[in-house]
Each structure stands twice: as C-alpha cells, then as structure tokens.
Amino acid sequence: MRWSHVLAALAPLVLVALLVFAFASPPAVVPATAPPDVFSAERAMEDVRGLTSTGLPHPAGAWDRVERTPSEIADHARAQAYVRDRLIALGMKPEIQRSQACGRLKCGKVENVVARIEGTEPGPAVMLAAHYDSTPFGPGAADDGAGVATILETVRALRAGPPLRRTLIVLIDDGEEMGLLGAAAFVSDHPWAKDVGAVLNFEARGTAGQTAMFETSNGNAELVRLFAGAVDRPVASSVIYTAYKRLPNDTDLSVLKQAGMQGLNFAFADRVFDYHTANDTAAELDPRSLQHMGDQALPVARALLGAPALPVPGGDAVYFDLFTLGLVRYPAGLTGPLAALSAALAAAAIGGAVRRGRTSLRRVLASAAVWLGALVLSTLGGIGLGMLLVKIRFPDVGSGPMAVRRMMMGDHHSFAPWLALVGLSAAITAAFALWLGPRAPAAAAIGAAAGKDAPAADSDASSEAARGAQAGGSTGVPKSVYEPPAAGPAAAPGAPKSSPALDSIALAGGALVLWNVLSLLLGFGAPGASYPFTWTALSAAGGLAFAASAAPGAASAAPEPRRLVTATVIASLPMAILWFPIVRVLLIMVGPTMPPGATLPITLTATLIVPLLAAAPKRLRWALPAAAAALALGSAVVACILR
Ligand SMILES: [Zn+2]
C-alpha cells in the first residue's frame with residue numbers, strides 16, 4: 001500500500017465533490033429581448049425593483065410592537081397597489097380580499113390580492129401563490145418579492161401563448177410573515193379556495209443559489225412525475241423533503257395543503273444571512289436565482305394547466321436529481337424491499353468473507369460497534385466544537401440554542417466553522433477506528449487455517465501480518481490462538497510491532513452493517529430519506545465481496561492493495577454521488593448551526609474510506625486523520641478570526 005493507492009481511492013470522491021459544486025450555480029439570466037413565451041429574469045427583476053422601490057419594509061402587522069409605523073402602513077399599501085396594477089396590466093381583474101385570520105401565534109387583518117383567468121374547459125384550477133408582505137426588518141426583495149415577480153412573469157408568458165385549458169388562479173397573499181395569515185384567510189373565507197386542484201408556491205430564504213423544489217404534498221408520485229417531465233434543470237431530493245417535514249419551518253403551502261390542495265414548493269436559500277434583514281434588497285438578489293425559479297414555475301404551470309387531468313394524489317415517490325441533469329424517481333413502496341434485498345446481499349458478502357477466512361464474524365460485529373462509537377464521539381465532538389466556536393466568535397450573543405441559531409443565521413463566515421466540523425468528524429472517525437479497530441490474526445496463520453498456500457507478502461500490511469505470524473509461532477497454529485480481543489486496551493498503540501494487522505475486511509464489513517441498519521430503518525420508516533443509505537449499502541456489499549474474493553492463486557488474508565482500492569471505489573462512489581449534494585444543501589440550509597448536520601454525513605463517508613487506510617503502513621495510515629485534524633484546527637482558527 002502506497003500513497004498512490006490512497007490517492008487513487010480518494011480521487012473519484014474529490015471529482016464528485018467538484019462536480020457537485022460545478023453544477024451548483026443557477027442558470028444564466030435570459031435577457032428581456034427573449035421571445036414573449038419565455039421566462040426572462042431580466043423582465044422579472046423589473047417587478048422585484050418595482051415592488052421594493054422605496055427600499056422600505058411593508059409588513060402586514062406589527063411584529064413585537066403594538067402598532068405598525070406610518071411608514072410601514074404606507075409602504076404596505078404601495079406594495080399592494082403595485083401588485084394589483086401589474087395584474088391589471090397583464091389583463092386580469094384583481095380583487096383585494098380583506099379578511100381577519102388567525103395563525104398559530106397571532107391573529108390579524110390581511111389584504112390578499114387575488115385574480116383568475118378562466119380556462120377553456122371546466123375542472124379544478126391551478127393556483128400560483130407567493131406573498132407580498134415583508135418582515136419589519138427589510139424590503140423583502142427575495143422573500144418574497146422574487147416569488148411575486150416569478151408569478152407575474154409566468155402569467156405574462158402564459159398569456160403570450162394559446163388560451164389556457166384549465167383555470168388559473170393567482171394568490172399574492174398578505175401576512176405570511178405574521179404566521180401564514182393570508183393563506184389561512186384565503187382557504188377559510190375565499191370562495192375560489194374550493195376550485196383549486198393544485199398549487200405552486202414560491203419562497204426564498206436567502207438572496208442567491210439554485211431554486212430547489214423542496215416540498216410536495218402527500219401522495220406525490222404523479223405530481224413528481226409531472227415535475228420531472230417539465231423541468232430541464234431540477235434540484236430536488238426526497239431526503240430534503242423528508243427532513244423538512246420534521247422541522248418546524250412553514251410556508252403558505254402548509255396551510256394550503258391542510259386545506260386539501262396538492263402542490264409543490266420552490267425556494268432558493270443561499271446567502272441566508274440576508275434573510276429577514278435590511279440587506280434583502282433588489283440589488284443583493286441574484287437574478288440567476290430568479291431565472292431558475294421561473295425556469296421551473298413556467299413549464300410546471302404550463303404542464304398543469306394543459307394536462308388532460310391534474311395529477312391524482314396516490315403513492316409517494318422517492319426522487320433526487322443527478323447533478324441537476326435529470327430527476328431519478330421510483331415508488332416509495334420499493335424502498336422496503338430494496339432495503340431487505342440490500343441486507344441479504346450484505347449478509348452474503350460478509351458470510352463469503354468469513355467463509356474464505358478473510359475475517360471473522362466477531363470482528364465484523366466489533367467493527368460495527370467501533371463505527372457506532374465513532375458516530376457518537378464525532379457527534380458529541382461536533383456539538384462541543386460548535387458551542388466553543390460560538391462562545392469565542394460571538395461572546396455577546398448569550399447562551400441558549402435559539403440565541404445561537406439566530407446568531408449563526410446572520411453569520412457571513414459560516415464556511416470556516418462548518419469546515420472545522422467536517423475536519424473534526426473525519427479525524428475522530430478515522431482515528432477511533434484505526435486505534436480501536438479489530439486486528440486480524442497474522443495473514444499466514446489465516447492462510448494456513450483456511451488450508452491455503454502461504455501468502456504473497458506484497459503489501460506492507462501483509463508483511464506486518466506475516467511478521468506477526470512468525471512472532472506468534474508456526475503458521476499451523478489454530479486461529480483462535482491469534483484471535484485478539486475484538487476491541488479494547490490490548491489493541492492500543494504501543495503494542496509490540498509483531499501485533500496482528502488491522503482487519504480491513506472486518507472494518508468494511510462493520511461499515512456495511514451500519515449502512516444496512518440505517519437503510520432498513522429508513523427504508524421501512526421514512527422511505528423518502530432511504531435512497532442514499534440503501535444504494536450505498538448495495539454498492540458497499542459489492543465492494544466488500546470484491547475485496548474479500550481472492551485473486552487467482554492468492555491466499556493472503558489481507559487483500560492486495562489494488563484490489564482494496566477498487567473495492568473502496570465500488571463502495572464509496574455511489575455514496576458520494578448521492579450524499580455530497582445533500583451535504584452541500586445542509587451546508588447552505590443549516591451550516592454549522594446544527595453540528596450533527598455536518599458531522600454525521602462526514603462520519604458515514606469516512607466509514608467507507610478508513611478500511612483502506614487500515615491496510616496501509618503506519619505512517620501512511622495516520623496521515624489522513626492527521627490531515628483532517630489539521631483542517632479542523634486551521635478552520636477553527638480562521639473561524640475565530642473571521643466573524
Ligand atoms: Zn417568505
């Protein structure tokens with residue numbers, strides 16, 4: 001095992017990470033000179049600027065004060081008039097729905113702007129929804145000026161085409177920031193609410209980034225199929241939706257879904273530090289994010305308005321985009337059987353490795369326990385480092401999780417602490433497993449025990465193992481003599497040089513156990529979130545089977561380095577393709593504010609790489625955890641300087 005082997009195993013992962021970032025930009029802005037039936041962000045930006053022309057906040061009600069200020073009241077009326085006038089200019093007859101509504105936290109008066117275009121055929125309507133009110137903290141150019149402008153430009157482009165088959169309803173509502181009050185007023189008081197068959201909602205949580213389809217209604221299989229067929233550059237993952245469902249975050253779509261509407265929710269979320277601040281201005285808003293929103297709003301609206309029938313809610317889909325090039329999807333009903341199949345293949349791969357004498361079941365299970373310990377340690381370490389960095393970087397913010405979260409949201413330099421968490425979790429996982437990982441009996445002993453020829457001592461690991469065999473006695477000694485404690489102080493560093501080699505195959509088998517446990521739990525419990533685990537578990541079973549299968553004529557317990565490199569790539573490449581985009585979304589959405597969001601995926605990634613290091617000579621073996629620790633320390637120092 002040499003440097004080149006480790007680099008060869010890591011290169012595909014680095015390539016995937018680069019690809020994820022290369023495909024992470026929103027599309028170029030379509031100029032205003034584009035044909036009328038096309039969505040142009042240059043045209044839509046005019047509406048963002050118009051809606052926020054004063055640069056003032058226009059909230060629907062008082063926030064933590066008793067009354068709105070005169071300026072807030074005046075700008076709210078101006079923003080509402082702007083929306084109404086634009087809809088009139090687009091040939092619609094907007095109405096103002098004045099109503100009183102209550103949300104979870106408070107009640108208030110709202111004034112929704114609603115309009116409709118009758119379809120040529122009867123049947124349920126399609127609704128486009130966004131909110132024109134802002135918070136009292138800024139003009140809300142992205143949140144939700146971008147959503148409003150997307151709807152206006154979409155309606156303009158739709159009207160440039162043939163008459164609409166289905167009725168279109170536009171809801172530019174009020175009081176979203178006060179607790180979804182406008183949407184609540186629409187569903188409870190407005191007669192059009194019962195006409196709506198499907199809704200598209202547009203939101204923002206920052207001022208830049210790709211627009212993701214991050215939420216669907218239940219029974220989404222047909223809706224997701226329509227979305228996949230309509231959109232050229234999809235960004236969507238059922239993992240994100242599954243996680244979002246469990247978070248307290250809400251948008252208008254939550255209220256509309258409760259009223260029985262099916263729908264999709266779109267938002268961008270980069271530069272989250274601008275969210276709900278005075279910096280949420282038209283100048284800060286990346287027009288490419290608006291283009292990406294429109295590139296999905298217009299074709300999906302067209303598909304819904306033109307389809308012979310609206311999608312019928314039924315089964316759920318598992319879905320994810322591949323580098324934004326297309327959407328992979330399959331029925332959620334398949335996730336359980338797929339997880340069971342994966343577990344069966346994992347059992348076969350581990351059983352095969354044990355039968356060939358490459359490892360023992362006991363060491364595989366010990367490895368699984370070691371990985372579980374690493375997972376707990378890196379999570380605790382990440383939480384500790386997160387709290388320490390907050391204390392050093394923002395000493396005035398106070399304590400308590402909410403204060404920490406609010407402060408982190410406004411953090412312009414969240415990349416450095418996030419990278420520190422990544423480095424820490426990689427270092428802890430690798431170091432813990434390489435220190436405590438089960439040792440294999442000497443290769444020669446295994447070869448003899450398995451009734452095979454003497455090993456070809458072609459790698460450092462196997463020669464180390466062979467030395468262990470010589471020190472331990474003749475090669476014919478029964479295996480049990482060499483069976484060291486699976487995990488414990490006896491395996492600590494400083495053991496004599498003749499100690500048995502770290503068991504790569506057992507570590508890979510233990511990782512396979514861990515991935516399959518997660519795959520089974522999610523495959524049956526949370527199907528939408530299962531795909532990265534199940535497909536990784538499947539490929540990791542392939543990797544283990546390959547690593548443990550002997551090359552012709554070889555009988556060494558330690559696999560030959562090149563075989564181990566190939567096995568590592570087989571196991572880890574699908575993981576990278578499925579996991580790294582989620583890691584990027586987690587970086588954008590939560591960054592370092594929830595340390596496990598950074599540490600868990602990195603720890604899981606490490607479980608597929610560390611078995612390769614286990615077969616490397618000592619110096620090389622410890623280079624990676626050392627580099628990860630250096631990354632953690634360096635990033636933590638940078639994080640303390642930048643704030
Ligand atoms: Zn909003």
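Before moving on, here are some points about what is shown:
- Taking a ≥ b ≥ c as the square roots of the eigenvalues of the Cα gyration tensor, the range 252-376 is classed as prolate, since a/c reaches at least 1.5 and a/b is larger than b/c.
- Separation in nanometres of the label points that stand 7 Å from Cα toward Cβ, at Ala32 and Arg355: 7.2
- Annotation: cysteines of the chain without a disulfide-compatible partner (Cβ-Cβ under 4.7 angstrom) are Cys640.
- Projecting the alpha carbon convex hull of the range 222-270 along each direction and taking the average yields 4.2 nm².
- Restricting the GluC sites (Glu not before Pro) of the range 25-101 to loop positions (DSSP other than H, G, I, E, B) with no more than 14 neighbouring Cβ atoms within 10 Å leaves Glu67.
- Theoretical gain in end-to-end length, Glu118 to Ile73 [0.36 nm per residue, Cα-Cα removed]: 12.9 nm
- When every Cα-Cα distance of the range 150-287 is counted in 5 angstrom steps from zero, the calculated P(r) takes the values 2, 8, 16, 22, 22, 18, 10, 3, 0 percent.
- Calculated FRET efficiency, Arg49 to Ala347, Cβ-Cβ distance, R0 = 51 Å: about 0.25 to the nearest 0.05.
- Residue among Thr207, Ile588, Leu365 farthest towards the positive dipole end of the chain, charges placed on Cβ: Leu365
- In terms of overall dimensions, the chain has a Cα radius of gyration and Dmax of 28.6, 94 angstrom.
- Here the range 560-617 was treated as a single set of alpha-carbon atoms; its pair distances binned every 10 Å from 0 give 22, 43, 25, 10, 0 percent.
- Overall Cα dimensions of the range 511-643 - principal axes, largest extent first, Å: 59, 42, 19
- Ellipsoid equivalent to the range 29-155 - semi-axes via the Cα gyration tensor, in Å: 27, 20, 12
- Stretching Ser188 away from Asp64 to a fully extended chain increases their span by 42.0 nm, per 0.36 nm per residue minus the current alpha-carbon distance.
- Each of Ala369 and His413 was given a label point 7 Å from its Cα along the Cα-to-Cβ line. The distance between the two points is 4.4 nm.
- Segment Arg225-Ile96, extension gain: residue separation times 0.36 nm, minus the distance between their alpha carbons: 43.0 nm
- For the chain, the Cβ-based charge dipole about the Cα centre amounts to some 2340 debye (Lys, Arg positive; Asp, Glu negative; other atoms uncharged).
- For the pair the range 124-143 and the range 368-386, the centres of their Cα atoms are 41 angstrom apart.
- Asp232 paired with Ile392, simple spin-label distance in nm, labels 7 Å along Cα-to-beta-carbon: 4.7
- In the structure shown, the pairs Lys109/Lys391; Lys93/Lys245; Lys106/Lys245; Lys257/Lys391 are assessed against 31 Å; a Cα-Cα span above that value is assigned to Lys109/Lys391; Lys93/Lys245; Lys257/Lys391.
- Using R0 = 35 Å, the C-beta based FRET efficiency linking Arg562 and Cys640 works out to 0.25.
Laboratory data are not the source of any read-out in this text; all were calculated from the coordinates shown. It should be emphasised that the depicted structure is a prediction, and the values quoted were computed from it without experimental measurement. As a convention, Cβ positions derive from the backbone with ideal geometry for all residues, glycine included, and neighbour counts pool all protein chains shown.
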